[in-house]
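Okay, so here's the structure we're looking at.
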């Protein structure tokens, strides 16, 4: 879905987005935004930073802080309702190998799914399974190879589905696995399923906004008494410091080789500290407080309205 308007006078096409989270500008060309702000995106010069307008002020904002505005879609036409993330840009990233290489290389996560299927192989025998957002079909292949399900419905909205079919045939599982290309809201199954499995978790658990599709598929296609994998999920936060990383990226510029490079520190701060860092390994000594559970999800009973997260306060140790 894409919401656009034409700017009077110059014919410029602008796209309307909503801010998902607050962002504080860290430089003259950046734009501060607050959660819920409606912005007009003028250009997308890179995957990470977009050129946007808010109340007549224009600047760069992080792309991962925005989502397209569903409320502005096709004024006067209520016949088309789409999840704002279910568009070509979102699914396009899943049609490339880069993201799938990253996911398949996450051995602890992939192995966890394999072990669940292996340990529950007896209960999967002669059961119907849906693998929602199957990607390359790795979880579907685990089910077909490690258990004896009656059917596995591998659902994938991106163009990767074409290759998933090839992988299913290559591994001799075409009699069990049916690959369906389409969104969760669109697909039709021949039957309801006994198990709904999905690797829907994103950064900070909920970032990829796939969970709503999982809940919709659960309500439409999971048999009464059916099983959800994962059956629960939790987001736990802890404030921490990253002294070694800060030293590496910021303090370095104070006097490399005995020279004063401090004019580069503002540039280093903008480059290394204006976006979240997802791959930093935290030591126990880095923690500034005890961990706090922010949200706990029971996947069998969860509703979209339950995803509201309130404010959390951390008593600091130092």
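Derivation of every value follows stated rules applied to the coordinates shown; laboratory data play no part. Worth saying up front: this structure is predicted, and the values here are computed from it rather than measured. With ideal geometry, Cβ positions are generated from the backbone for all residues, glycine too; neighbour counts draw on all protein chains shown.
Tell me, what is the percent relative contact order of segment 236-307, built from C-alpha pairs under 8 Å that lie six or more residues apart?
Relative contact order of segment 236-307: 50 percent.
Figure the gain on full extension for residue 307 and residue 264 (residue separation times 0.36 nm, minus the Cα-Cα span) and round it to one decimal in nm.
Here the answer is 11.3 nm.
How tilted is helix 160-170 with respect to the longest principal axis of the chain? Cα atoms for both, answer in degrees (0 to 90, nearest 10).
Taking the Cα atoms of the chain, the angle to 160-170 is about 40 degrees.
When the helix-only estimate is applied to the chain (DSSP H runs of n ≥ 4, each -39,500 (n - 2.57), divided by the residue count), what is the mean residue ellipticity at 222 nm, nearest 500 deg cm²/dmol?
About -7000 deg cm²/dmol.
Calculate how steeply helix 107-119 sits against the longest principal axis of the alpha-carbon atoms of the chain, using the helix alpha-carbon long axis, and give the answer as 0 to 90 degrees to the nearest 10.
20 degrees
By DSSP, what percent of the beta bridges with both residues in segment 92-232 are antiparallel, rounded to the nearest 5?
Details: 1 of 19 bridges.
Bridges in segment 92-232 are about 5 percent antiparallel.
Restricting the count to DSSP beta bridges whose residues both fall in the chain, what percent are antiparallel, rounded to a multiple of 5?
Around 60 percent of the beta bridges assigned by DSSP in the chain are antiparallel ones.
Within segment 232-257, whose backbone N sits under 15 Å from a point 7 Å along Cα→Cβ of residue 201?
Answer for this model: 232-238.
Taking the chain as a Gaussian network, where each spring joins two C-alpha atoms under 10 Å apart, which residue of 226, 137, 28 fluctuates the most?
Greatest mean-square fluctuation among the candidates belongs to 28.
How would you rank 295-306, 280-291, 176-187, 109-120, highest first, on the average number of other Cβ atoms within 10 Å across their residues?
Details: 295-306: 12.9, 280-291: 11.2, 176-187: 17.9, 109-120: 15.2.
Taking the mean over residues of other Cβ atoms within 10 Å, the ranking is 176-187, 109-120, 295-306, 280-291.
Please compute the contact order of the chain in relative form: average sequence separation of alpha-carbon pairs under 8 Å and at least six residues apart, divided by the residue count, as a percent.
With pairs under 8 Å counted, the relative contact order is 11 percent.
Just one of (1) 57, 42, 40; (2) 68, 57, 39; (3) 49, 45, 40 is Cα extents along the principal axes in Å as worked out from the coordinates here. Which one is it?
(2)
Tell me the label-point distance for the pair residue 63, residue 243, using the 7 Å Cα-to-Cβ offset, in nm and rounded to one decimal.
Here the modelled spin labels are 3.7 nm apart.
Could you work out which residue, out of 57, 41, 152, moves most in a Gaussian network model of the chain, that is, has the largest mean-square fluctuation with Cα springs under 10 Å?
Looking only at 57, 41, 152, the largest GNM fluctuation is found for 57.
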